[in-house]
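Quick notes on the structure that follows.
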Amino acid sequence: MDESLFLKYFKGATTAEEEKSILQWIESSDDNRKEFYDLKAIWNAVQNDPERKAAAAPGKMSWSHKHRASRWMVWVSSAAACLLAGLVLFFALRPSVPENLITYVNPSKEVLEVKLPDNSSVFLKPDSRVTCPEEFRKKSRSVTLDGEAFFDVVHDSESPFTVSTPFFKVRVLGTSFNVMATKGANFASVMLQSGSVKIFQNDGSESVTLVPDEEAVYSTSTGGFQVVKANASYYALVNYSLVTMNNVTLSEIINKINVMYGVHLSADMADDNRHFNFNFLKSSSIDDLIKILEILTGDKITY
Amino acid sequence: MDANSLISRIKVGDRKAFGSLFRIYRPILTSYAMLFMKNEWAEDVVQDVFFNLWQHRENLDAEGSIHGYLLRSTYNTSINYLSKRKHDIKYRSWYQQRIDEIAFDVYDPSTNDIIRKIYSEDLHRQIEHAILQLPPKCREVFCMSYIDDMQNKQIAKMLGISVSTVENHIYSALKRLREMLKDNHIAILLFLAEFL
């Protein structure tokens with residue numbers, strides 16, 4: 001057992017494989033178990049001893065001050081930003097209309113589907129929020145996320161889609177992927193289902209590019225990413241009750257729906273060579289599904 | 001101010017005494033709750049613990065161990081809190097979930113000595129003393145990591161040693177701290193410190 005893994009585990013930076021070996025080690029004897037959890041308790045106590053942090057860093061602000069200061073900074077900087085924006089508006093010959101931002105919050109216990117102005121879907125987890133402009137500007141589509149959501153982004157090679165989080169930015173052209181990034185959390189992650197995504201640090205430096213069924217786990221303590229294997233379709237189904245189908249034909253979609261809902265849909269399609277990505281919530285009604293499928297494929301679907 | 005005399009005063013509705021107790025125990029109980037959950041939740045839990053204590057202040061036992069009572073109450077409140085939020089907890093993997101679940105068995109304050117010892121009123125002093133006992137190099141690295149919040153990479157660069165050496169120092173510091181806390185050396189040191 002490589003015991004330096006424990007530290008990595010305490011910091012939340014281990015991979016599933018490493019966690020597996022730690023668990024096996026813990027379960028192999030009572031002494032091991034005691035050792036691991038004692039070390040965790042001590043690590044946690046040292047880490048979270050508020051007096052120590054304040055006392056050890058004279059001249060540095062203690063946590064609570066820092067917190068207050070940063071809030072204050074936000075006020076100051078937003079006041080400055082407002083002033084600057086005002087000046088720009090005042091001096092510009094043709095003042096541009098400021099973006100109207102809409103924030104969607106999901107206070108319920110269920111997954112909430114939000115449609116963005118470009119018809120992309122965001123499946124929002126409870127207690128999560130996503131902010132987007134009322135209309136996307138040309139050449140860029142950007143939204144902000146705090147919490148966890150599954151994105152199903154409409155392809156547009158002219159206009160990259162960016163998700164900003166407290167920790168990093170995710171940029172795509174058209175894909176489906178999951179982002180978990182809750183303010184104050186110890187780790188965050190991006191899991192890719194189809195297509196490709198690039199993840200940038202908030203300072204703009206590029207960090208990771210994912211291929212489907214990979215997950216980049218971000219540790220807020222180290223600021224680094226670790227790429228692990230994942231099963232994104234399964235994740236979406238379990239966590240969102242979201243059925244995800246990639247690169248499938250209409251008849252494959254219909255077969256899946258027929259089996260899931262116990263119905264007999266059929267389509268009079270001209271050809272079945274076209275491929276689609278099709279995601280839907282398990283709770284969708286059959287009528288809604290038919291409507292969406294008809295719009296997506298342009299084929300008539302009969303019950 | 002000793003905790004039991006605070007309790008006698010809280011029993012008769014003394015808000016100031018309640019405030020003092022809160023100030024002493026809030027950081028300790030919050031670190032304890034953070035063994036099970038993230039920071040914001042841990043703070044919620046501790047608020048609940050004190051809210052309940054105040055609600056039921058008449059039933060408090062001024063002779064009993066308030067430390068034991070508060071740890072037990074934090075433990076129980078944590079379990080309830082997490083069971084209500086189990087859908088919001090994101091585990092990195094099934095193994096991590098399992099490791100975290102075992103923590104609940106292990107960290108029961110009535111069966112775990114080390115928990116009672118570390119998460120006590122003397123939390124800060126205990127750690128301070130234990131760190132002073134570490135061998136110099138080990139202590140230097142440990143302090144840089146914990147107190148100055150430096151990344152292992154930075155420490156390695158500053159001291160001209162490899163990152164894995166840094167990790168080894170930190171890990172062996174933790175192990176030594178564990179031995180010291182286990183063997184009660186700390187209690188003796190603290191006892192002596194009272195007379196110095």
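What to note about this one:
- Per residue of B:96-103, other chain Cβ atoms within 10 Å of the residue Cβ number 5 on average.
- Scattering profile of region B:59-102 at q = 0.29, 0.31 Å⁻¹ [log10 I(q)/I(0), Debye over alpha-carbon scatterers]: -1.03, -1.08
- Averaged over the residues of peptide A:183-195, the number of Cβ atoms from other protein chains lying within 10 Å of each residue's Cβ is 1.
- Shape category assigned to region A:4-48 from the gyration tensor of Cα positions, a/c cut at 1.5: oblate
- Whichever lysines have a C-alpha closer than 17 Å to that of A:Lys300, once near sequence neighbours (fewer than 8 apart) are set aside: A:Lys291
- Each Lys or Arg adds one and each Asp or Glu subtracts one; over the other residues with Cβ under 13 Å from the Cβ of A:Leu250, this totals -3.
- In percent, rounded to a whole number, the relative contact order of region A:242-302 is 44, using alpha-carbon pairs under 8 Å and six or more apart.
- Peptide A:5-18 - average C-beta neighbours from other chains (10 Å radius): 3
- Cα-only Debye scattering, region A:101-235: base-10 log of I(q)/I(0) at q = 0.20 Å⁻¹: -1.23
- Other residues lying with their Cβ under 9 Å from the Cβ of A:Ala181 contribute a combined charge of -1, Lys and Arg counting +1, Asp and Glu -1.
- Taking 4 °C and 1.567 mPa s as conditions, region A:189-303 diffuses translationally at an estimated 80 µm²/s according to Stokes-Einstein applied to its Kirkwood radius (Cα pairs).
- The value obtained for the protein assembly as shown, namely the Cα convex hull volume divided by the number of residues, is 211 Å³ per residue.
- Simple spin-label estimate for B:Ser5 and A:Asp213 in nanometres, 7 Å along Cα-Cβ: 6.9 nm
- Estimated vicinal HN-Hα couplings, Hz - region B:58-66 in sequence order (Karplus 6.51, -1.76, 1.60; Gly, Pro = x): 5, 8, 5, 9, 5, 8, x, 8, 5
- 1.4 Å probe, heavy atoms, protein only - residues of region B:9-35 losing at least 20 Å² accessible area vs chain alone: B:Pro27, B:Ser31, B:Met34, B:Leu35
- The sum of -39500 (n - 2.57) across all DSSP H runs of n ≥ 4, divided by the residue count of chain B, sets its helix-only mean residue ellipticity at 222 nm to -22500 deg cm²/dmol.
- Averaging Cα coordinates gives a centre for region B:149-176 and one for region B:23-89; these two points are 34 Å apart.
- Coarse-grained scattering of region B:1-121 at q = 0.13, 0.14, 0.17 Å⁻¹, given as base-10 log I(q)/I(0) from a Debye sum over alpha-carbon atoms: -0.53, -0.60, -0.84
- A simple count of charges around A:Tyr240, restricted to other residues whose Cβ falls under 11 Å of its Cβ and scoring Lys, Arg +1 and Asp, Glu -1, yields -2.
The values are calculated or read from the model by the stated rules, or taken from the named source; none is laboratory data. Note that the coordinates shown come from a computational prediction; the quantities given were computed from them, not determined experimentally. We place every Cβ from the backbone using ideal geometry, glycine too, and count neighbours over all the protein chains shown. Areas reflect the complete protein model, heavy atoms only, side chains present, ligands, DNA and RNA absent. Shrake-Rupley method; radii C 1.70, N 1.55, O 1.52, S 1.80 Å.
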